[in-house]
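See below for the structure under consideration.
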Amino acid sequence: MSEVHWILDTRRARSVARDAGFHGFLYGKAPGDCTTYVSRQANLARDNFLLDLNGGFSGFVRLDDRILVFNDRYGHGKVYLSESAEGVVAGSSFNDVVRRVERRTPDLIGILEFLRFGYPLHDRTFLKEVRVLPPGCCLEIDSSSGKRVREERYWRYQFTENPCARADEMRERLWQTLEVAVEDSFASPSGTCAVGNSGGLDSRAILAIAQSKGFELIAYTYGSPSSDAVQIARRVAKALRLQQTEIEVKPDFLPKYYELHQERRPLTTLASAWYYSGIHLLPECTRNITGIYGDNTLGVHLVDKYLYMKNDWDLYNYHSLANDDYLSRLTLLRYDGVRAHYESIMRRFREPDRIKRFDQWNFENRQARFIMEEAWVDFLGDMEPRCPFMHNSLVDLALSIPFKWRRNRLLYQEALAERCPEISRIRLERTPYTVSDPSWLRAGKTAVWKTFRGIERLTGWNPYFHGIHKHQREWMLSEPNLSFIVRHIQRPSPVFADLFNEAAIAANVHSLLSENWSVVSNLLTIKLWLERFVEGTG
């Protein structure tokens with residue numbers, strides 16, 4: 001497998017051999033054409049070419065006296081930066097930038113954020129010397145000196161609700177715009193697309209539109225064959241008469257894929273290496289179409305939980321993977337800096353409405369840094385990842401939908417039910433109701449659902465829920481993954497011992513895993529990376 005990244009080092013200005021670099025995708029463009037296209041557009045419209053680029057990407061382009069380093073609106077394409085008096089090192093690969101940095105100082109705030117949330121927040125990484133460019137940013141560098149000139153946001157995630165919108169007209173516009181986004185995601189002269197089918201709302205919409213347009217595709221889903229998600233995904237694929245590949249995960253992904261994962265996804269937890277299980281099962285596919293950004297683009301799907309939160313501190317604790325008591329057993333380092341960093345991020349969001357501010361938090365932090373670098377994205381070999389829900393036109397429209405229709409993605413669900421009744425009547429994963437059920441019927445089904453969940457806890461039987469498809473806890477506690485975790489956690493490490501309670505962790509690794517496998521996975525990710533890039537040569 002190969003993954004082409006760009007790297008820019010202006011500390012020795014003559015070493016900037018290329019005039020442009022690009023990593024990611026542009027809708028409607030073949031991968032090999034993107035760098036040339038961006039360079040041409042930048043020379044034609046230097047001041048606003050970035051607003052017209054449509055996709056998920058990062059890159060740089062040289063323009064006479066300036067070098068512009070940039071990423072897309074949503075932060076899907078990462079730019080990692082290290083700045084010094086000598087110049088700037090920037091690149092699309094975190095590890096590639098780290099390899100060019102002589103001094104490597106662990107960033108305690110970034111590391112603790114990774115431990116607590118599963119991802120460093122906003123601009124942090126594992127090192128003080130390397131940061132992440134915020135979404136929708138452009139960094140200007142002087143070509144002759146190699147020094148930074150300025151950094152600006154060229155696009156911000158903000159709501160401009162249309163108070164005069166009619167629901168029927170907005171539904172029509174939404175569906176038409178989604179169709180264009182799906183068509184642009186599939187656009188390519190050749191090749192077959194893989195489309196993730198979770199049985200959820202977003203994958204249903206993509207599959208239904210793609211099938212109606214006659215695109216060549218293979219649907220795929222992960223997990224246990226008996227799980228709720230796989231059962232529902234099968235029903236969706238059958239209703240649309242689609243070929244589907246089922247990828248069953250076996251608990252050997254850590255020893256099998258951890259080195260690959262550490263190189264390609266160093267700032268994401270090692271537990272997500274299970275997605276590489278599908279690498280060899282879709283060899284004929286050239287693009288992976290995912291609906292992962294739909295969680296935020298077309299509405300606030302966590303709004304009911306947010307409504308019960310009284311302030312931003314509640315949100316902080318909601319996203320935390322463990323409480324302070326559990327985390328205090330892992331490290332004596334204080335979380336004051338983490339909370340201060342979190343609060344500084346929230347202050348940057350200008351949206352006064354709390355729910356919308358939380359939605360922006362999800363978009364720019366939890367989703368961009370956690371989801372987009374983990375599930376369903378580009379763990380499947382050399383396939384180019386594309387997501388219709390990042391399409392500029394769709395995002396612009398979505399941010400104009402009045403909040404009453406964004407709440408729980410109401411308008412989106414109504415549009416799917418109106419256009420695709422055959423799949424809207426199939427139950428949504430982890431719920432008792434369908435897309436097309438009215439609110440009163442949902443309430444009734446939810447009451448029955450809760451009753452059966454109670455029966456399930458007593459008897460193990462449930463006619464609705466067929467079990468989870470991500471048995472991550474079981475996978476992590478099963479061989480050979482378990483032996484891999486124990487062996488690497490217990491191995492002495494001077495840098496790790498400076499930050500964490502190494503002896504206590506090594507002596508209690510089994511109990512810590514049983515209590516919270518996800519945090520232990522994050523801990524292992526940090527330890528292996530520090531061993532390689534701070535203790536070793538990397």
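Miscellaneous remarks
- Test: residue in region 133-142 that is of a type in the set (Asp, Glu), under 30 Å from ALA30 (Cβ atoms) and modelled with pLDDT of 95 or more: yes
- Selection status of LEU174, farther than 22 Å from GLU351 by Cβ and either touching a strand residue (DSSP E or B) at 6+ places or on another chain (Cβ under 6 Å) or buried (at least 20 other Cβ atoms within 10 Å of the Cβ) (or both): no
- Against the conditions (1) crowded, with 22+ Cβ neighbours inside 10 Å; (2) within 26 Å of ARG347 (Cβ to Cβ), LEU108 satisfies every one except (1).
- Listed by first and then second residue, the pairs with beta-carbon distance under 8 Å, at least 6 apart or on different chains, first residue in region 71-83 and over 15 Å from CYS387 (Cβ atoms) and outside the structural domain of SER58 (by TED's automatic domain parsing), second modelled with pLDDT of 90 or more and surrounded by 24 or more Cβ atoms within 10 Å (Cβ to Cβ), form an empty list.
- Residue count for region 233-250, restricted to those that are under 23 Å from the mean Cα position of the chain (by Cα) and either part of a helix (DSSP H, G or I) or under 19 Å from CYS420 (Cα atoms) (or both): 1
- Test: residue in region 261-278 that is over 29 Å from PHE25 (Cβ atoms), outside the structural domain of LEU217 (by TED's automatic domain parsing) and either modelled with pLDDT of 90 or more or of a type outside the set (S, T, N, Q) (or both): no
- Within the option set GLU263, GLU246, being touching a helix residue (DSSP H, G or I) at 6+ places or on another chain (Cβ under 8 Å), charged (D, E, K, R) and without any contact (Cβ under 8 Å) to a residue 40 or more places away in the chain holds for one residue only, GLU246.
Quick grid of which residues meet (1) closer than 29 Å to ARG104 by Cα; (2) touching a His at 6+ places or on another chain (Cβ under 8 Å):
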| residue | (1), (2) |
| --- | --- |
| ASP33 | no, no |
| LEU44 | no, no |
| ASP47 | no, no |
| ASN54 | no, yes |
| ARG62 | yes, no |
| GLU86 | yes, no |
| ALA90 | yes, no |
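- Close pairs from region 448-467: first within 23 Å of ARG234 (Cα to Cα) and in contact (Cβ under 8 Å) with a residue 24 or more places away in the chain, partner charged (D, E, K, R) and surrounded by fewer than 10 Cβ atoms within 10 Å (Cβ to Cβ), Cβ under 8 Å, at least 6 apart: none
- Matching entry among GLY75, GLY56 (being touching a helix residue (DSSP H, G or I) at 6+ places or on another chain (Cβ under 6 Å), surrounded by 22 or more Cβ atoms within 10 Å (Cβ to Cβ) and on the phi > 0 side of the Ramachandran plot): GLY75
- Test set (1) surrounded by fewer than 17 Cβ atoms within 10 Å (Cβ to Cβ); (2) out of contact with any Gly (no Cβ under 7 Å at 6 or more places or on another chain); (3) closer than 30 Å to ALA273 by Cα; (4) modelled with pLDDT under 90 - LYS470 fails condition number: (2)
- In region 401-413, the residues that are assigned by TED's automatic domain parsing to the domain that holds ALA165 and in contact (Cβ under 8 Å) with a residue 24 or more places away in the chain form Cβ pairs under 8 Å with partners that are of a type in the set (Ser, Thr, Tyr) and assigned to a helix (DSSP H, G or I), at six or more places apart or across chains, as follows: GLN413/SER424.
- Set side by side, the residues PRO266, PRO163 differ, and just one is under 24 Å from LEU321 (Cβ atoms) and assigned to a loop (DSSP other than H, G, I, E, B), which is PRO266.
- Yes/no for ALA443 being surrounded by fewer than 20 Cβ atoms within 10 Å (Cβ to Cβ) and over 30 Å from the mean Cα position of the chain (by Cα): yes
- Single residue of SER478, SER424 found to be buried (at least 18 other Cβ atoms within 10 Å of the Cβ) and either of a type outside the set (Lys, Arg) or in the same structural domain as THR331 (by TED's automatic domain parsing) (or both): SER424
- Candidate set: region 279-321, residues that are of a type in the set (Lys, Arg) and under 25 Å from PRO402 (Cβ atoms); chosen: the one modelled with the lowest pLDDT: LYS305
- Whenever a residue of region 144-165 is over 28 Å from ASN365 (Cα atoms) and assigned by TED's automatic domain parsing to the domain that holds ARG62, its partners that are of a type outside the set (Val, Ile, Thr) and at pLDDT below 85, lying with C-beta atoms within less than 9 angstrom and at least six residues away or across chains, give the pairs SER144/ALA13; SER145/ALA13; GLY146/ARG12; GLY146/ALA13.
- Among the residues of this structure, GLU456 does not count as one that is of a type in the set (Asp, Glu) and in the same structural domain as THR177 (by TED's automatic domain parsing).
- The helices (runs of 4 or more DSSP H) found wholly in region 468-538 and carrying at least 1 residues that are of a type in the set (A, V, I, L, M) and more than 25 Å from the chain's Cα centre (by Cα) occupy 481-490, 494-499, 502-507, 509-515.
- Residue among LEU482, LEU528, LEU477, LEU523 that alone is under 30 Å from ARG234 (Cβ atoms) and touching a residue at least 12 places away in the same chain (Cβ under 8 Å): LEU477
- Residues located in region 399-421, provided they are within 30 Å of GLY191 (Cα to Cα) and either of a type in the set (Phe, Trp, Tyr) or surrounded by 18 or more Cβ atoms within 10 Å (Cβ to Cβ) (or both): TYR412, ALA415, LEU416, ARG419, CYS420
- None of ASP378, ASP324, ASP336 is modelled with pLDDT under 80 and either in contact with a strand residue (DSSP E or B) (Cβ under 9 Å, 6 or more places away or on another chain) or not aromatic (Phe, Trp, Tyr) (or both) except ASP378.
- Residue within region 321-329 that is exposed (fewer than 15 other Cβ atoms within 10 Å of the Cβ), within 25 Å of the chain's Cα centre (by Cα) and farther than 27 Å from GLU502 by Cβ present: no
The values are calculated or read from the model by the stated rules, or taken from the named source; none is laboratory data. Keep in mind the model is a prediction, meaning the values are calculated, not measured. Cβ atoms come from the backbone with ideal geometry, glycine included; neighbour counts cover every protein chain shown.
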